[in-house]
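> Starting off with a structure, shown below.
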Amino acid sequence: MPELPETETISRDLDREIAGRTIVRAHVTRPDVLREIGPRALAKRVIGARITRAWRRAKLVVLDLSSADRLVVQPRFTGALLIDDGALPEQERKYSTVELVLDDGRSLHYRDIRRLGTVMLMDVGRFDRYTSALGVEPLDRAFTADHLSVLLRASRQAVKKVLMDQRAVVGIGNIYANEALWRSRIDPSRAAKTLTTEEVDGLRTSIVDVLTESIAHRGTSFRDYRDASGQRGGFVERLAVYGRAGEPCQRCGRRLIGTHAIDGRMTVLCAHCQG
């Protein structure tokens with residue numbers, strides 16, 4: 001966490017709320033979140049720059065600046081980008097690692113409780129090189145059933161591992177891989193290359209649907225995820241399997257099982273529906 005729906009939600013919030021604003025001050029209180037740049041250099045390059053756009057690539061939140069730099073944030077497990085108009089709770093400010101003060105008096109905080117995420121500043125060329133190994137975006141038109149079939153047929157790995165490989169398809173983490181595989185009735189441990197054409201088509205549809213629905217509900221909150229206004233995502237109540245090991249399957253009523261056997265991450269499935 002955050003995965004694609006969460007970073008997409010944050011990016012849309014930021015684009016709506018702060019695109020067009022100019023950065024007038026920058027404070028770095030926890031420099032260990034920075035990569036490839038130090039606090040002084042970061043401040044020197046962003047102060048006076050206007051935020052022209054906020055968008056997402058994979059699980060990255062990207063702020064395009066008028067200086068031709070890009071501020072690139074990877075929130076990972078406990079990171080959040082929060083807009084502060086003076087009402088941000090002190091508990092959230094306590095874990096602020098980078099603060100950008102805007103020309104309208106508001107601040108943008110990168111809050112990261114465990115400081116597992118990263119903040120980078122790079123030009124467009126460096127960004128292109130940094131993201132060059134990333135796979136296709138699952139919400140782009142290029143993510144067709146044929147494209148997914150090529151990715152799966154080339155791998156003997158468990159289908160869940162392929163879906164979570166950012167070099168193949170970006171942004172799909174553990175939560176949404178579990179959900180998409182349950183919806184498409186596919187065993188997560190099954191070798192990717194064994195899926196039939198019909199199963200690949202159904203899986204592609206399930207991936208797109210679950211991601212789209214989660215974005216519509218502003219992501220899934222487990223522990224520390226917050227949108228840019230500090231609110232929790234609302235998709236957690238709609239999850240069918242993730243986080244529900246031991247509960248009845250919503251489709252057949254049998255007990256869901258949880259295992260770490262596939263990739264060391266928690267996989268929740270229905271052995272009957274996905275057998």
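> Post the alpha-carbon centroid distance, the range 75-144 to the range 2-48, in whole angstrom.
6
> To continue, here is another question. Considering amide H positions built from the backbone, and no H for Pro or chain starts, which residues 5 or more places from Arg21, or on another chain, come under 5 Å of its amide H?
Amide H neighbours of Arg21, under 5 Å, 5+ apart: Ile51.
> By how many nm would the segment from Cys252 to Asp146 grow when fully extended, if each residue of separation counts as 0.36 nm and the alpha-carbon distance is taken off?
Going from the current span to full extension adds 35.1 nm.
> Could you order peptides 249-259, 64-74, 174-184 by the average number of other Cβ atoms within 10 Å of their residues, highest first?
Those peptides, ordered most packed to least, come out 174-184, 64-74, 249-259.
> Work out the FRET efficiency for Arg50 and Arg16 from their Cβ-Cβ distance, taking R0 = 25 Å, and round it to the nearest 0.05.
So the FRET efficiency works out to roughly 0.95.
> Got a sec? Which residues in the range 62-80 would a label at Asp123 touch, if it sits 7 Å along Cα→Cβ and we count backbone N under 16 Å?
Backbone N within reach: 65-71.
> In whole Hz and in residue order, list the ³J(HN,Hα) couplings for the range 143-155 that follow from phi through the Karplus curve 6.51 cos²θ - 1.76 cosθ + 1.60, θ = phi - 60°; x for Gly and Pro.
7, 9, 4, 5, 5, 5, 4, 4, 5, 6, 5, 8, 10
> Here's a follow-up. Express in nm, to one decimal, how much length is gained between Ala87 and Ala133 on full extension, taking 0.36 nm for each residue of separation and deducting their alpha carbon distance.
Here the segment from Ala87 to Ala133 would lengthen by 12.6 nm.
> Still on this structure, please answer the following. Find how much the distance from Thr259 to Arg156 grows on full extension, using 0.36 nm per residue of separation minus their present alpha carbon separation; answer in nm with one decimal.
Extra length available between Thr259 and Arg156 comes to 35.1 nm.
> Hey, what do the phi angles of the range 39-50 turn into as Karplus ³J(HN,Hα) couplings, whole Hz, using 6.51/-1.76/1.60 and θ = phi - 60°, x for Gly and Pro?
So the J values, rounded to whole Hz, are x, 5, 5, 4, 4, 4, 7, 9, 5, x, 7, 9.
> Oh, and also: With each label point set 7 Å from Cα along the Cα-Cβ vector, what nm distance links Asp104 and Met266?
About 3.8 nm, to one decimal.
> Here's something else I'd like to know. Just the number, please: carbon plus sulfur as a percent of the accessible area of the range 93-151, 1.4 Å probe, no ligands or DNA/RNA counted.
49
> Next question, about the same structure. If packing is taken as the average count of other Cβ atoms within 10 Å, what order do 263-270, 119-126 fall into, highest mean first?
So the order, starting with the most tightly packed, is 263-270, 119-126.
> Then there is this: Mind sorting out which of [x] 33, 19, 16; [y] 29, 26, 17; [z] 36, 20, 15 is the real semi-axes √(5λ) of the Cα gyration tensor in Å computed from the coordinates?
Evaluating semi-axes √(5λ) of the Cα gyration tensor in Å on these atoms matches [z].
> What does the C-alpha gyration tensor say about the overall shape of the range 1-45? Classify as rounded when a/c is under 1.5, otherwise prolate if a/b is larger than b/c, or oblate.
Oblate shape, in that a/c is at least 1.5 and b/c is the bigger or equal ratio.
> Could you run the Karplus curve 6.51 cos²θ - 1.76 cosθ + 1.60 with θ = phi - 60° over the range 58-67 and give me ³J(HN,Hα) per residue in whole Hz, x for Gly and Pro?
Residue by residue, the range 58-67 yields 6, 9, 9, 9, 10, 10, 7, 10, 5, 7 Hz.
> Now a separate question. I want to verify a result. In a Gaussian network model of the chain, Cα cutoff 10 Å, which of these has the top mean-square fluctuation: Ala54, Ala154, Ala145?
Answer for the Gaussian network model of the chain: Ala154.
> Placing unit charges on C-beta atoms (Lys and Arg positive, Asp and Glu negative, everything else neutral), compute the dipole magnitude of the range 178-239 about its Cα centre in debye, rounded to 20.
180
> A follow-up question, please. Within the set of other residues whose C-beta is less than 14 Å from the C-beta of Pro39, count the net charge using Lys and Arg as +1 and Asp and Glu as -1.
Value of the local net charge: +3.
The values are calculated or read from the model by the stated rules, or taken from the named source; none is laboratory data. Being a predicted model, the structure only gives us computed values, none of them experimental. Don't worry about glycine lacking a Cβ; one is built from the backbone with ideal geometry, like all the others, and counts go over all protein chains shown. All accessible areas refer to the heavy atoms of the entire protein, side chains included, with ligands and DNA or RNA removed. Shrake-Rupley method; radii C 1.70, N 1.55, O 1.52, S 1.80 Å.
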